[in-house]
Amino acid sequence: MARVTISGKSQPAENFQQPLIQGLACATIQPSLRSVLIFDSSPPILQTAAELWVKMLSVTTQTEVKSVYLGSADTEESLWGSLTLSHTYKNQPFDWQSGLLGNNSALRVIVIPDLSRISLPAARACISLIGSEVAHLERHGHQACWKSNLCWLAGCSREQVKFLSPHLLDRFALRLSGQNSQACDHTTALRNWFSTSNNFTQTVELSNKLLQRLQSAHRKEAHISKEALDRGMAYLAKSNNQGFRRELALLRLAQARARFSELSETTAQHVDLAAGLIGLEKPSELLYEQTLNTRSQILSRDDTSEGNNTLARENKEKTTETNRLQPVYPSDSTIELPSEFIKIHESKQDPYPEDSVSTEREAASLRFPPRHFYQSTPGRGPIIGIEPATMPYDIAWVSTLLESAKYQAVRSKTNSSKSPLILHSTDLRRYRRAIEPEQLLTLVLDYTCLKNCQWKEVLLSYLQWAYIERASICLIQVGIARISKELQAKKITAQSVLVPRVQAGLNESAGLATPLAHGLDLALQTLRHDLQHGRSTVRQVMLVILSDGRGNVPLENSRKNEKPNQLVNRRGIEDALSVAEQIRQLKQVEAVVLNPQPKYCKDLPIRLAQALGAKIENIPSLKSWEVNEP
Amino acid sequence: MAKATPKTVPTTIPVLPYSLIVGQESLKLALELAYIMPRLGGVLLSGHRGTGKSTAVRAFAQMVYNGELPVTLPINATEDRVIGGWDIKEMLQKNPKWKDGLLLEARNKLLYVDEINLLDDHIVNIILDVTATGKLVVARDGQSESCDVPFTLVGTMNPEEGGLRPQLLDRFGLMVNVTTGSDSINRLQILKNVLTFDDEWTKRERGEKSVFLDQADKADRQLVRQLQGAQKRFRQVNVDAVLPLCVALATEFEVEGNRGERVLAIAARAYAAKENQPEATAKHVAVVASLALQHRRPAMAQSNEAIWTDEDDDLVHQVIEGG
């Protein structure tokens, strides 16, 4: 929620050709584009962009524009508003204090430094406000309806997109890349920074040229031509986009681009420019058409240009010379292959990465989390709001006092006591907190022993337990295929079993190595961390190990990721048993070994269970006719 | 409880006129039927992002309520604003005065809940109670009263963010699975209308005349007159002939309870009134069957999205022909 104050010497932003500056300038003159998402930008770039945008908006609207920062700690009260002590104590001691996004039609830039770390109330506020014609507020006796005039600027790493709701991402009309701006000579940049800044802060100023362009484009209108509409649709025809927001954003960006070119009509070329700005790939049909046009232009130029003719003649002579030196024999038969367009343009980064990444976010991630016990709250977990309390736990005292303050005037009339504060149980307010799971399901799954046994049926009951108890999950994959470090196990953690990556993780196929000892070691580290470190909320752990116990990678080799130089013998097995003994020492862990009943070394799963002090459950074998023979 | 006072809504908010919405025939039909006969019980619009659900609802409300936006229950709403509470300003002045909530404000109107699947659980419970009984019972803060609150509940949701509880789903008379067609001519027209609206709205804000918007307003007014006519004709439409068909369809689609067949019959009657027909026929039932039945099928409990396929349409026709 910090507001940034930047002071110091200025750095003029000159280059309109920079996609980031161009994008922000277009969003300045086109209100429908005022929700900008910048991928992979560093915090200073985002800060500079925010400052630039504030200045651009101030220039075009002739009003003071403020910036507001949203982060991971914003609650519903801080965003929408709440009752607070009045600064001017005249008639009433309390006032409604509007929140960061609350009832205010003033133009503001809302900066979200990292969209993936935004608090849940803030994400919900984004869903309500961005792109909406009208904003509504109905909270704590306060009612408002206004035309929201917020400009949104968010940063996000492409790596984090898979954890975000596509519904939230879709609210951001304009997608830009923050990487291009970083592609500069770092030494020169550092030297400039040292030479210009003496107090480690700096201001970005708009150059006069850019100011003039902005003011001129702001006054201009550019109607969309039919060919621009067709071109806009062609760009997004093959995307799995169901709505119209992307087409509209592209066309509006093209329109803004045309206004900057001081033209009264938006053409297909402007759409191409806009698409290039956000990183949209040109559809292959359009590229083919463009190549044909370029070719015909070159040919016509060849006809008219003497110089080019000379060059062509020289080239032809050279080719003939080469042909003379290297005899080529024609083939006996010719095969006509289908023509294929070769893309010669550099690959662009998709502005809509959410279409192609695997979904790894929480299920229903924009909903307030469900609660197991309404009467109590653990007093942990990030605060996401305030709610009425029926039990005196985790009381939000300020909110409680403010709630009671509303009624003091009336209560003092009816109460004979001289008490300065009359508090009723209905005034009690407590913190509403995001749920932190108190149970953990740790699953060590050895994929090399799953063949020929009904493991999914047996595992299901444990997954159901995790779902019912809203437990978090830690899946440790031992011996999976297609892994960069096959001598090591891999850990996947999630807040609940409903997270799609857990399901995907369970369906991996088996690899060659079985780093069981490393898998158990990962489990040990996880359990120690979750049970013993800091203010951990985990109270109970269910450890389920599905393995035949035949580990074939010693722990040391797994840790170093080095293939053993000599025979392993039983070292992989013994290391696994040794780690299992350590897990046994941990309290609050209930361990179960699921025994796949292997044909050979039948005693190993039992020895593993003994080392862990675990219960053992046999997995029924598949009947022979159920096994897919190769 | 004080009589609900109409909320002052700024008229300067640019909302695309209803007549400029291209395609989305099911969505428009559902809203219009719910207006003709509010007893249908509301409309749920479920669809992916950017399909124009919210715009359609706001445009419809603006059209039928003389430029007013619908009474909106936002996802930030607290309980006191939904069912009502003491007016804080007045309380601080030692003058206790009750302030009605949104449920009362929406009396005989449209109550719009955007992103209804993101609504807090206890607010959903309140809405469920009120829609189940048609009565708002307030028993809090020393206040104890009850009153009738007939309103048309319209909700929009994106199924990607989770579904609704079956109890709440059942409260909606009609449900529309909103999709955007792949017809390029329609898509082009939608883009044209939206972009032209942007330009023309700017013109109007500058005080200039906009023929484009004037024509749209005229078309809106004409449609409202048609709908008001249908509202008046509703009682005259004979629905007896299709009642057995409604029961047969509800049975064939394994709809639980009786609400499905009732809503189907009312919707067919409202559609006949809209079409200016004296009698509801099998044709009318066929058109509204998906709207009334899709969210009441058992499969809906396993999925966030209602799926109505071509096979379902074939089944409707088979039942009609068989009857």
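For the condition in contact (Cβ under 8 Å) with a residue 12 or more places away in the chain, among the small types (Gly, Ala, Ser) and within 14 Å of chain A (Cβ to nearest Cβ), B:Gly181 qualifies.
Just the residues that are acidic (Asp, Glu), closer than 22 Å to A:Ala249 by Cβ and outside any helix (DSSP H, G or I), please, taken from region B:180-220. Result: B:Asp183, single match. Inspection of region B:171-179 identifies at least one residue that is at negative phi and assigned to a helix (DSSP H, G or I). The set of residues in region A:124-161 being in contact with a helix residue (DSSP H, G or I) (Cβ under 8 Å, 6 or more places away or on another chain), within 8 Å of another protein chain (Cβ to nearest Cβ) and in a loop (DSSP other than H, G, I, E, B) consists of A:Ser132, A:Glu133, A:Val134, A:His140, A:Gly141.
Within region B:123-140, one or more residues are of a type in the set (Asp, Glu), part of a helix (DSSP H, G or I) and away from chain A (no Cβ under 11 Å).
For region A:111-119, does any single residue satisfy the condition of being among the basic types (Lys, Arg) and within 27 Å of A:Leu250 (Cβ to Cβ)? Taking every residue of region A:111-119 in turn, none turns out to be among the basic types (Lys, Arg) and within 27 Å of A:Leu250 (Cβ to Cβ).
Out of all the residues in region B:27-37, is one or more without any contact (Cβ under 8 Å) to a residue 60 or more places away in the chain and either surrounded by fewer than 24 Cβ atoms within 10 Å (Cβ to Cβ) or away from every other protein chain (no Cβ under 14 Å) (or both)? Checking region B:27-37: at least one residue is without any contact (Cβ under 8 Å) to a residue 60 or more places away in the chain and either surrounded by fewer than 24 Cβ atoms within 10 Å (Cβ to Cβ) or away from every other protein chain (no Cβ under 14 Å) (or both). Region B:221-323 holds helices (runs of 4 or more DSSP H) entirely within its bounds, and those carrying 3 or more residues that are surrounded by fewer than 13 Cβ atoms within 10 Å (Cβ to Cβ) map to B:310-322. In region A:441-456 there is at least one residue matching the filter, namely being on the phi > 0 side of the Ramachandran plot, touching a residue at least 40 places away in the same chain (Cβ under 8 Å) and either surrounded by fewer than 19 Cβ atoms within 10 Å (Cβ to Cβ) or part of a helix (DSSP H, G or I) (or both). Of all residues in region B:187-222, those satisfying the criterion of being among the small types (Gly, Ala, Ser) and away from every other protein chain (no Cβ under 14 Å) are B:Gly207, B:Ala216, B:Ala219.
In region B:63-104, of all residues being facing chain A (nearest Cβ under 9 Å) and under 18 Å from the mean Cα position of the chain (by Cα), the one that is modelled with the lowest pLDDT corresponds to B:Leu69.
When we screen A:Ala254, A:Ala234, A:Ala228 for residues that are within 17 Å of A:Leu176 (Cβ to Cβ) and either within 12 Å of chain B (Cβ to nearest Cβ) or in a loop (DSSP other than H, G, I, E, B) (or both), the only hit is A:Ala254.
Screening B:Cys147 against (1) within 12 Å of chain A (Cβ to nearest Cβ); (2) over 30 Å from B:Asn304 (Cβ atoms); (3) of a type outside the set (S, T, N, Q) leaves a single unmet condition, (1).
For region B:46-99, which residues satisfy the criterion of being of a type in the set (Val, Ile, Thr) and either part of a helix (DSSP H, G or I) or under 30 Å from B:Gln231 (Cβ atoms) (or both)? Of everything in region B:46-99, those that are of a type in the set (Val, Ile, Thr) and either part of a helix (DSSP H, G or I) or under 30 Å from B:Gln231 (Cβ atoms) (or both) turn out to be B:Thr51, B:Thr55, B:Val57, B:Val64, B:Val71, B:Thr72, B:Val82, B:Ile83, B:Ile88. Of everything listed in (1) more than 10 Å from chain A (Cβ to nearest Cβ); (2) under 18 Å from B:Met175 (Cβ atoms); (3) not in a helix (DSSP H, G or I), the single unmet condition for B:Tyr112 is (1).
The values are calculated or read from the model by the stated rules, or taken from the named source; none is laboratory data. Predicted model only: the values in this text are computed from it and were never measured. Heads up, the Cβs are rebuilt from the backbone with ideal geometry, glycines too, and the neighbour counts pull from every protein chain shown.
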